[in-house]
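Undergrad: Okay, here's the structure, questions in a sec.
The values are calculated or read from the model by the stated rules, or taken from the named source; none is laboratory data. Just so we're clear, the structure is a prediction, and the values are computed from it rather than from any experiment. Note that we place each Cβ from the backbone using ideal geometry, even for glycine, and neighbour counts take in every protein chain shown. Surface accessibility is based on the protein's heavy atoms, side chains included, excluding ligands, DNA and RNA. Shrake-Rupley method; radii C 1.70, N 1.55, O 1.52, S 1.80 Å.
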Amino acid sequence: AVTRTFSIIKPDATRRNLTGAVTKMLEEAGLRVVASKRIQMTREQAEGFYAVHKERPFFGELVDFMISGPVVVQVLEGEDAVKRNRDVMGATNPADADEGTIRKTYAESIEANSVHGSDSDENAKIEIDFFFDEAELVG
Ligand code: CMP
């Protein structure tokens, strides 16, 4: 089925001017950008977005990193979008990511790993709603 997922192009990628290169890989993987905006996340937004990780030892550093520069938040649509996006992103740690994936190609570390993508349809909806109003999604 055609579904939607949520993506973030992270500060390490925007800093290196890779917004277009990353988006091209998403598009070539069969995903369509139906919403996109470049934002500077506030600490409150980053803490709220990553609330599920707040007990993890890397939470503080993760939040600091995510507000260290602009990000591009996007809604992606395609056949089986969550899985399709996860496949093209590659493993969280670029050292474990397959050749040809975004993280293998561009990520600097497990933290500065260039992209975020939703891990389920349920979380995709929650994450889309966190950053976008329905009227901003143009299919
Ligand atoms: P993301 O998909 O955005 O979700 C949580 C993020 O935490 C993850 O990608 C990583 O970039 C980051 N992170 C930093 N350190 C770790 C770690 N040790 N294990 C998992 N994720 C980590």
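Undergrad: Divide by every residue of the chain the summed helix terms, -39500 (n - 2.57) for each DSSP H run of at least 4, and state the resulting mean residue ellipticity at 222 nm, rounded to the nearest 500 deg cm²/dmol.
TA: When only DSSP H runs of four or more count, the value is -10500 deg cm²/dmol.
Undergrad: For the range 3-139, what's the relative contact order in percent, using C-alpha pairs closer than 8 Å and at least 6 residues apart? If you can, show how the numbers build up before the last one.
TA: Numbers: 242 pairs, mean separation 51.8, N = 137.
Taking the mean separation of contacting Cα pairs over the length of the range 3-139, I get 38 percent.
Undergrad: Can you give me the C-alpha center-to-center distance between the range 20-81 and the range 87-120, rounded to a whole angstrom?
TA: Answer, in whole Å: 12.
Undergrad: Using a probe of 1.4 angstrom, how much of the accessible area of the range 1-111 is carbon and sulfur, in percent?
TA: On the range 1-111, the fraction of accessible area on carbon and sulfur atoms equals 48 percent.
Undergrad: Taking a quarter of the surface of the Cα convex hull of the range 74-125, what do you get in nm²?
TA: 3.6
Undergrad: Can I ask one more? Once you list every other residue whose beta carbon is under 11 Å from the beta carbon of residue 73, what net charge do they have if Lys and Arg are +1 and Asp and Glu are -1?
TA: Combined, the nearby Lys, Arg, Asp and Glu give +1.
Undergrad: Could you pull the Cα extents of the chain along its three principal axes, largest to smallest, in whole Å?
TA: 37, 35, 26
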